[in-house]
Structures are given as C-alpha cells and as structure tokens.
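Below is one structure, written out as structure tokens, with a few remarks after it.
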Amino acid sequence: MSAQGSKAADSLSGAGLRAPQRRRIPPVLGRVLRDPTIRIAGSVIILLVLLAATAPILPLDDPDVQDLYAVRANPSADHWLGTDPIGRDVFSRVIYGARISMFVGLVSVTMAFIVGVPIGLAAGFRGGLTDTLLMRMVDVVIAVPPLLLAIALISALGAGIWNAMFAIGLIAAPGYARLVRGEALAARELDYVLAARSLGASNLRLMAVHVFPATIPAVIVQCSLGLAFAILTEASLSFLGLGVQPPTPAWGSMLQNGFPYLQQQMWMAVGPGVAIFLAVLAFNVLGDALRDILDPRLRNRRANL
Amino acid sequence: MTAYILRRVLLIVPLLLLLTIFAFVLNSVVPGDPTGAILGENANPEAKRQVEQELGLDRPMVVRYLDWLGNAAQGDFGRSYVNRQPITQQLQDRFPVTLELALVALVVATLLGIPLGVIAAVRPGSIVDRLAMVFAVAGVALPNFFLATLLVLFFSVKLHWLPATGWIPFSEDPVEHIRHVILPAATLVLTPTAIIARMMRTSMVGVLAEDYVRTARAKGLRKFTVVVRHALRNAMIPTLTVLGLQLSALLGGTIIIESVFGLPGLGRLALTAVTGHDSPTIQAVVLLIGTGVLTISLLVDLLYAYVNPRIRYA
Amino acid sequence: MERDNYWTRLSTRRLGRRRLIGGASFAALGLAAAATVGCGDDDDDDTSDGGATSTGTTAATGTSAASPTSQAKKGGKLVVGGGTMLGQFEPNASTSAADWALLFALYDTLFVTDNTGAVKPNLATSYEAKDGQVSLKLRSDVKFHDGTPFNATAVKRNVERTLGLGTKSRVYSQWSQVETVTVPDETTVVFKLKQPQYGPIVANMATIAGAMPSPDAIEKLGQDFNSKPVGTGPYKIDQVALDSRITTTANKEYWGTAAGKGPHMDGIEYKIVATGAALVTAMQAGEVDIIHYSISAPAGEIIQLKAISGVEVLQLPSHSFTEFRLNRGKAPFDNADLLKALGYALDRDAILAGNHGGFGKPAGGPINPATWAYNPNFKGFNLPKAEREAKVKEHLQKGGSPSGFAFTFKLAGSTERAETIKQMVKPYGIDVTIEVLPATAGTQYLYDGDFQATPSFTPQYSPDPDSIFRPNFHSAGQFNYHRFKSDALDQLIDQAAAETDQAKRKDLYWQAQDMIFDLGIPRIPNVHVDILVPMKTKVKNLQVGWDTYMRVGDVWLDG
C-alpha cells in the first residue's frame, strides 16, 4: 500500500500511476492479451467487427433485396435463417445489422466521450462552483431514465439512425462525466500533478496532459460497457420504431418485425435477438475483464447505466 | 451527521428546480405542431392560431414556464392536448401501475440476487459461482423485450397459464391482478437480479477477505454464522447503492414492457404522449419520474451515510 | 397501408388522419331518393367516412354469419382488442379511427350504412330533399343515456355546435354545407343547404359526423365529456382507463331493442393492447374476441391469426387502393410518358403477394371492383408481363429517356413498399432514391409541391365514383396537389355528377377513367386492399361498414 511506483510514462498503464496495491506485474497490455475472458469476448467482438466490415464482400444476399414470391421462407441452404415477410434474407440482414449496431455503438460512444469527458475533467479538476454546477446538471439528466430521455429527444429530432446515435450519446454522456470527475478529483492531488502545477503548467495543460491520462483506464472500461449500452438502447429504440428506419437492417426493428411470426417462423426474431444478446454480452464481459485488470479499484463500481 | 443530512436534503431543492427547467425545455424544443394534436395535420392557419391562443402558446416561453411551474407546484399539470383529460388524474391512474411493477421486480430481484451473490462469494471459483456469474453477465445482455415475448409465447400462447396482455386492478379481482402482474414482473426481474448478484458477490468476496472475518472464523464460529451475522451487513453497503439505481432504472425501464404487455403505466403514457406531441403530458411524466429518482437517490445517500459513517466526511 | 412500427404508427396515423373536406364540394347526384355520395378525408391512410350507394337498396353483406336476430342469444361480454385509443370520445373531437369501434356503439348515427354503403334509416326514419333543403323525420322514442330526450332540438343543437366550432371540429366539413337548421316540430329537422347537394350530406349522416351526443351533457361536462360520453346507442360508457380498457354496459332502454336490434350482450370491453405483435399474441392467448384494426392489418399478422383455431377472418372487398402520388408539375413526371413507363413497370401480382399477403386485387386503374362504375374491360397498367415490358420500353422511348430516368420517393414512415418498387423498376433503368422524412414532417410538403413521388393510399370516401375523381383529379379537388389540371376532365367529372341516370353516369366515369389514364394519372394504382377483420367464430351479426370500421351494436355471442 505504500509504493507510489514508477511515474514513468507508461502511457498504457495509467492505472499504474496511482494503483494503491503495487505488485510486480507484467505490462498491462500483456496481461490484457493473456486474459482468457478477454480473449473469448474479444474474439466474439473481432468476429462481429470483421463480419460488419466485410459484409459487402461476403457471399451474402443483398439485405434489401426482396423476393416477393418467397416470403417467410423457412431456413434452407439458400436462406440460412429463412426470409422475412417481404422475402429478404434474414441471415444477411442479421450480418448487415451488425454493421449498423457497431456503427451506432461507436459513434454514440464517441459522442458520449466528447461531451462527457470534458465536463467531468473540468468539474473534477476545477472543483468548487464549477464542479457543483456541472455535477448538479449531470444529476438531473441522470435522474430521467435513459430510455425515456432518448424517446423524448428523438421525438424532438425525428426518428432515424443519426438522431438515435445523437440521443444515445447524449444520454450516456453524464455517466462519463461523473466517472471522469471522480478520477480527476483523485488525480489532481497526485504528486506529479502538484509538481507540474508548481512548475507553472497552465490549467488546460494540467488537465489535458496530466489529469486526463490518469482517467484513461476507467474511461476505457466505461467505453466498452458503453458500447454494450448503446447497442442495447439502439435495439430498444428500433424496437419501438424510433431508431434506425427501414429498410436499413437493424437488430431491434428486425426483432420487432419478427415477433408476430414467432410461432411459425421463429428464426425471424430469434436471429436478431441472439445477435443483440451476443454483442451486448461480449462488450459487457470485455468491459468487466478490462476493469479487473486496468483498475482494480473500480471493481466495486458498476457503470450506472 | 446532522449537517450532512441537512445539506443533502436541501440539495434536492435546486435539483428539482433544475429538473423542471430541463423537462420544460426538453419539451419545448419538440417540433411538430401541438395544435396538430387537436386539429389534425392540415388544419387551416386561422384555426391553428385560435387554438394556440387558447392554449396560451403565443406567450413568451419564460411566462409559460413560470405559469406551468406555479400550477405544477400545486399538483395541477393541466389537461392533455390530445384528449383534454386532466393530466394529474392520468398520473394518478398510471403511476401505481409502474410503481407496483418496479417494486415487485426490485423485491424479487433482491430476494434472488443477494443469496445468489452470497453463495457465489462463499465458494469463489466453484461451479455455483461460475454459473451464478454467467447468469449475472447474461442477464444484463438479454434485451427484456426479447425475453418478454418468449415468456408470453410459452406461458400464454402455448400453455395458457398466464394472460399475455392487460391489467386488472387489485381492487377488482386480486387473483387476476396477480396473474396479470407475473409475466411483466418476471421480465423486469432479470436484469436487476443479475446486477445485484454480481454486486453482492464482489463486495462479499472483499468482506470475507477482511481480518475480522478471519478472526471470527478462528474463534470457531460456523461459516454460515459468520457470513450471515458479520459479513452480510458490511457487504450490503455497496449493494444498497445498486438497489437505488435499479429502482430508478426500473421506473424508466418499464416503457417497453408496458408496451409489450399492454399495461396502463407511466411508460406507455409517455410513449403515447411523445408520439402525439402531447407536450404537457410529457413534461409531467418526466418531472414525476425524475422527482422519484432524485428522491430515491436522496434516500439511498442518507441510508448510506447511516450505515457507513465515513461517507459523511468524504 | 404501409407497414410500419406498431407503436409509433398509431400516432403517425392519427396525424395524417381525417383531413376533412367539404362534402358539399363533391357532388350532387340528384337521384330522387338516396342518391348520395359521401365525403371524407384523404390521405395516406385508410380512413374514410361517409358514403352510400347510389341506389340505396342493396342489402347488407358485410355481416358475419348473418343470422336472423330472432336467433340472437342474450348475454355475455364481447372483448374487442385494438390499438391505442386517444380518449376523444366526442364526435367533434375524435381524430383517431381506433376510437370509432367504441363510438359507433355509444352513439347512434342519424342514418346507418353497411359494407355496401347503402344508407338506411336509424335515428332518422326518412328524409326528403328538395328546394335546397333536406328535412329529416326523427324517431320519437329515443332517449340519451342521461335520460334527456333525443329530438329535433337536440339535432339542431349538435349541428349548430359543430358549425360554431368551425374547423376546430373534426366533422365540420361534413356539415359545412348546412346554412341554417330549423325545427318545425320535435320530430322534424330541416337543413337549409348552401348548394343543392343532397346526396353527400345524407351519406355523411351515416358516418361519425351523424353521431348524436347529448347536447345537455356536453354543456354540463365541458371537456370532461371526452371521457364521459353520453349518446343514445345500444351501449353506455362504464369505465374509461386509457391504455388499458374501456368498458360499456348494455343500454336497457335502447329504442332499437323493440325492433329486434341490440344490445344482445351484457357489455363490451375494449381492450387496448397495441397493434401488431401484442394484439396477435392476445388473440392467440384467447384474450380478445375480435380485433379492430383502425388501419389495414399487415398480411403477416392476418396469416398468423387465421392459423388460430376458433378464429376466422372476415374478408370484404375494398373501396380503396394503394398507389403512389406523382407531382405532375415537376420533372420527371411532368412527362406523361415517363409516368406511364413507371406505371407499366410494376408487377402488381408480386406487390399483392409480397406486401399484402394476397389479400386484395391488383389495381390497374382508380375505379375499384366493389363500385358499380367498375369497368371489367379496363386493364390500365395491369397487363401481362410481356405486354407491360413492351409498354415500358415504348414510353421510355417516347418520353425521350430510352435508357431510363431517376426520381425520388419522399415519405414518412415505412419504406418497405418504396423499396419493393425501387427493385422492381431498376431493370428498366428507372432509378429510385428513397428519402425518408421524420415522422413529424406531416404532409405539408405535398401541398407545397415539394416532391416528385410518394407512396400512399387513396381511400374511397363513398362507393360513388365521384369521390374518387373529384377530390383527387378535379382541378379544384382538395387533394389534387399533384399540379394536375385538365379542363376536359373537370367537365366530365361535373357532368357525371350532375347526371342522374346510372347507366349514363357509368359511361361517363368510364370515359373519365380512360381520359385520365391517357393524360397520365397522377396516382398510379397498385393494389385494392381487402378489409380484414379477425374474430372468433362465436361472434355473430357483426356489421362492418364499407369504410372498414365495425359496428358492434347488434353483435351477439354464440356460446
């Protein structure tokens, strides 16, 4: 509990800068790569990302092409998951749906990051009135349940993929702000930050160069969990018809469209349902495993989203 | 301690005020003509202007806000644009439905999640532990609307055991009421159970590693006694926060479930209001749920301070 | 109708719903007795109201297992499942057809109609139309649920209230041609009309516009009347729990009971589920007896419902068609040949099979097969594949774009049909872009002429063909925002409306159909979609109006 450890700029192991329990550990990256949970979850994610990225060059049916004479077909060699009510290949749509989900996840997490991190940094680093004001606003936004907020926002903006991403990013941002604020609060008292300050570093520089890196491990974890949250929320919104608009294949709307057919053509709904489940599961598990490694202190904390 | 409590309680005032502003502004940016809710889309401009005047929409936003705030403070949220019914009445009808669902789900989740977490923590790495944690992770990832439909398909359509849709007030028929609550509540239970179990396991593992537990065991106390009498209380502290968070999540998370099961709760009210540009109703729902969540977090904070004195000085 | 989301479509539907127009502007048929046309609204949905046949003699056919009422069993409760009701249970305020399955049980209309559109007596026992006036004879044995008497003064108060509300009333346009209302005696009410157009207004009295609420109750309850409606109908309101259920009880003092009409059951429960999957599962789980679709049901759902034992699906011919609307004032569809190339490029059988589950008929022209003016020899765009393809090439050539052209579908809501069309016409070099507008966009862009094409739905307001042509294709038509104008066609429409001999009228409408087809019809017909009502076999004597809305007042339950 004593060692402050090397303050060497091991930029990857921000955790190392202030981890209270110091042990002789191999570089964090190595640990991450060797962790079996991370390997499994990571493989699933890499597979999803690969499928999403390469979907157009894979030997798949065009997800938008309708075969009106083969609607609601059962799974076959041609259509692995059958076809939907207007004769589109469900398997192909599930794969293309991964594209949408990954894209939505990435953009909305970036958005949440861009909005949330600066707020958290400013609040945590400046403290005082800035902190109080910003955090009270964050409290209020968090008090409105995310899905309700998302729906209200989308009703303001109109349904559609970009608005959905915007809304998801915005409702996730307070979580980042709160997290980063906590980290920044701790980091600003660290010796090297105090030292830098005494050397006359500007506030902006202190925040960006010294405090921000200390928050990175927590933010990485939050991003992974945030991706899961974004995918799930987008699916919920699409399920309600407020997210990605047809004919663009999105898991949530596919699930919703498939529901009336669960008894006779269950694959129509089960396909996208399982896809959502797997993707969310993989990002959650990855996030948890990263947290265990990157920041043991955080183990008791759960993203409040 | 008193100072902390006082400070924390007083904080709710500015928070609520901020919330009202947030709800009002959020809603005022909603485009789509509120008169459309009353007149239909292609009403002539003259009729639109008249209705706007009747609704007071021609006044400046600040005036409208203060007016609304004044009435809301007295529990009057005005009338719905769509059906001209008093919104307060709607809230009174809907809130109990959502609250009941959320509370039932939370209680059941607690009753399931805590023992699950404790059992897993007592034997870390065992099969039980692993299964519990697989459940904990999977439970968060399964979209509840997906689960809902699977449950309906199985228990309502195939087995005809439980109703698929609808809501019977308790006062009308208690047995039917319970039968109608089971499936939606069961759907809602999954995620909080998973989260509570995880949280409980993590904190329990931590507590069990503490010196006093080792001491107690060394004194020859039975493991069960140690876990239940000594460790549980301390391990519950972080779980408490999670419980508060989960209740908030449930209050808002019923939107989809209420739609799938056709329940007359707040979530469905909000969804209908949002799609119908019924601004006063949206404002009221956001304010009501937001207030509920802020109150819960206040209670959790106070409780937290009570069980964990260190926080008061943090 | 397009399939779109279950939970959001209720709203978009409502927003676009019931754009009412002056019935007066439609037509005067001048047929002696019940020669009427209805009026109603137009738009992207299935709404339609008002209407009558031109003969007024046809018997009801839109009836489930039509049985003599003497067989009617008493008692029981009917559970009607449906989508979100808005709780506007007052005819002047009602904007959603989801509410109408209830309204038609609570309120009697002055006249009634059935699936054929025949206008029959109800609260009004007869009418006389002459000298710019319509006078009604009313029943004298009718009381409102609140005990106040229904009489000519009540009708006068109701109509005058509507006229006073003006466009704030959702049924104003159906009454707008009334100038004054007078009451010679308590069973006679006389409407002086602005123009001698008798037909439409009588037909309108068989729609929701002719529903009679208690004027005393409206005065007393004000806005609360919406949730505490008082009519004269066979069922009285009991409890209103929006988004849950609305219950009614039998009106024991119903005037019609003596004549063998309802109410046969103890009450009706309207179970508000949501449309779509939840409604299907509710029926699969046996929780609803009948489904009231306020918009046409997605074919897939109907197929699922048909598979349930003890459930039948009532299938009735349609009075409307799916289409897409083109802007004739803008390239490329200012060019009639390119328009025709697009029209011929559609494989309507495929659209019918794929998008509508086969429930309907391919539509080659605007006049539907349920109407007497239907011309069985007119094929329009609906030719065999080889002929169509030749026509496409021919018109592309004539239109100056032999290798094809491009246009944009602009729409709010589901793009599925647009997507179908896009793929269907691609092989001909016709390139479709789909531009999706936010659900809040409304339809202003159509009126502004800010579109090239949009997929939509044309309801027929009444079985009279005038209601197909006048609002949509007449240059003064309320919904002719296609920038389409032809004096010759206008003349033909007016002539057909003024003619009283049905054979001659038929001939004129055939000419009109040929003419507009030739000029380049700004609404390219796709499919005549059937009216579908899923219900348990025990439900007897259900009336479904030709406007697709059900009248449950006379229903009884067999078992």
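The values are calculated or read from the model by the stated rules, or taken from the named source; none is laboratory data. None of these values were measured; they are calculated from a predicted model. Ideal geometry is used to build each Cβ from the backbone, glycine not excepted, and the neighbour counts take in all protein chains shown. These area figures cover heavy atoms from the full protein model, side chains too; ligands, DNA and RNA do not enter into them. Shrake-Rupley method; radii C 1.70, N 1.55, O 1.52, S 1.80 Å.
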Notebook entry, point to check: When ligands, DNA and RNA are left out and all protein chains stay put, how many square angstrom of accessible area per residue does chain B have with a 1.4 Å probe?
Noted result: 44
Checklist line | Neighbourhood net charge (15 Å Cβ-Cβ; Lys/Arg +1, Asp/Glu -1) for residue C:557 | finding: 0
Checklist line | B versus C: buried accessible surface, summed, Å² (probe 1.4 Å, to nearest 100) | finding: 3300
Checklist line | Over 22 Å (Cα to Cα) - which of C:73/C:538; C:73/C:536; C:143/C:194; C:130/C:194 fall in this group | finding: C:143/C:194
Notebook entry, point to check: Using modelled backbone amide H atoms (1.01 Å from N, in-plane), which distant-in-sequence or interchain residues come within less than 5 Å of residue C:180's amide H?
Noted result: C:192
Next item on the list: Run the numbers on segment C:276-303: which residues show a drop of 20 Å² or more in accessible area, chain on its own versus all protein chains together, using a 1.4 Å probe over heavy atoms?
Entry: C:277, C:278, C:281, C:284, C:285, C:287, C:300, C:303
Notebook entry, point to check: What is the distance in Å between the Cα centres of segment C:331-345 and segment B:111-133?
Noted result: 69
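Treating only the Cβ atoms of Lys and Arg (+1) and Asp and Glu (-1) as charged, compute the dipole magnitude of chain A about its Cα centre; round to the nearest 20 debye.
It comes to approximately 1480 debye.
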Item checked: Placed amide H near residue C:314: partners under 5 Å, 5+ positions off or other chain -> C:533, C:535
Item checked: Nearest-ten-degree value, helix A:267-294 long axis tilted from longest Cα axis of chain A -> 10
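Could you check how much of the accessible area of chain A is carbon and sulfur, as a whole percent, using a 1.4 Å probe? Could you put the intermediate results ahead of the total?
On the way: 8080 of 12380 Å².
For chain A, the apolar C and S fraction of the accessible surface comes to 65 percent.
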Notebook entry, point to check: Taking amide hydrogens as modeled 1.01 Å from N in the peptide plane, which residues meet the under 5 Å criterion relative to residue C:122, leaving out close sequence neighbours?
Noted result: C:112
Notebook entry, point to check: Remind me, relative contact order of segment C:119-217 in percent, using alpha carbon pairs under 8 angstrom and six or more residues apart?
Noted result: 32
Next item on the list: Under 17 Å Cα to Cα from residue B:158, which lysines show up? Leave out anything in the same chain fewer than 8 places away.
Entry: C:306
Note to self: Just want the answer: with Cβ charges of +1 for Lys and Arg and -1 for Asp and Glu, which residue in A:293, C:302, A:105 is farthest toward the dipole's positive end in the protein assembly as shown?
What the structure shows: A:293
Notebook entry, point to check: Taking +1 at the Cβ of each Lys and Arg and -1 at the Cβ of each Asp and Glu, which of A:194, A:221, A:87 sits farthest along the dipole of chain A towards its positive end, judged by Cα position relative to the Cα centre?
Noted result: A:194
Next item on the list: Any chance you could check segment A:109-148 for residues losing 30 Å² or more of accessible area when the partner protein chains are in, compared with the chain on its own (1.4 Å probe)?
Entry: A:136, A:140, A:143, A:144, A:145, A:147, A:148
Note to self: What's the total accessible area buried between chains A and C, using a 1.4 Å probe, rounded to the nearest 100 Å²?
What the structure shows: 2200
Checklist line | Charge dipole (chain A, unit charges on Cβ, about Cα centre) - positive-most of A:145, A:241, A:77 | finding: A:145
Check: Magnitude of the Cβ-charge dipole of segment C:115-191, K/R +1 and D/E -1, about the Cα centre, nearest 20 debye?
Finding: 280
Check: How large is ³J(HN,Hα), in whole Hz, for each residue of segment C:202-216 in order, when computed from phi with the Karplus curve 6.51 cos²θ - 1.76 cosθ + 1.60 and θ = phi - 60°, using x for Gly and Pro?
Finding: 5, 4, 4, 6, 9, 9, 4, 5, x, 6, 10, x, 6, x, 5
Next item on the list: Tally up the carbon and sulfur contribution to the accessible surface of chain B as a whole percent, 1.4 Å probe, everything protein left in place.
Entry: 67
Notebook entry, point to check: For segment A:221-247 and segment B:140-193, what is the separation of their C-alpha centers, rounded to whole Å?
Noted result: 24
Notebook entry, point to check: If you put +1 on each Lys and Arg Cβ and -1 on each Asp and Glu Cβ, how big is the dipole of segment B:133-214 around its Cα centre, in Debye rounded to 20?
Noted result: 300
Checklist line | With all protein chains modelled, accessible area of residue B:203 [1.4 Å, Å²] | finding: 10
Next item on the list: Compute the acute angle (0 to 90°) between the alpha-carbon long axis of helix A:146-157 and the principal axis of greatest extent of the alpha-carbon atoms of chain A; round to the nearest 10°.
Entry: 70
Margin query: Residues of segment C:212-228 losing 10 Å² or more of accessible surface, assembly versus chain alone, probe 1.4 Å, please list them.
Written below: C:223, C:224, C:226, C:227
Note to self: Quick one: 3J(HN,Hα) in Hz for segment C:334-340, Karplus 6.51/-1.76/1.60 with θ = phi - 60°, rounded, Gly and Pro as x.
What the structure shows: 6, 9, 4, 6, 5, 4, 5
Next item on the list: List, in order, the whole-Hz ³J(HN,Hα) value for each residue of segment B:94-105 obtained from phi through the Karplus relation with A = 6.51, B = -1.76, C = 1.60 and θ = phi - 60°; use x for Gly and Pro.
Entry: 8, 4, x, 4, 5, 4, 4, 4, 5, 5, 4, 4
Next item on the list: Nearest 100 Å² is fine: how much accessible area is buried between A and B, summed over both sides, with a 1.4 Å probe?
Entry: 3600
Note to self: Ignoring everything except DSSP H segments at least 4 long, calculate the 222 nm mean residue ellipticity for the protein assembly as shown; use -39,500 (n - 2.57) per segment, divide by total residues, nearest 500.
What the structure shows: -16000 deg cm²/dmol
Margin query: Please enumerate, by chain and number, the lysines with C-alpha under 22 Å from the C-alpha of residue C:391, excluding those fewer than 8 residues away in the same chain.
Written below: C:340, C:361, C:379, C:422, C:426
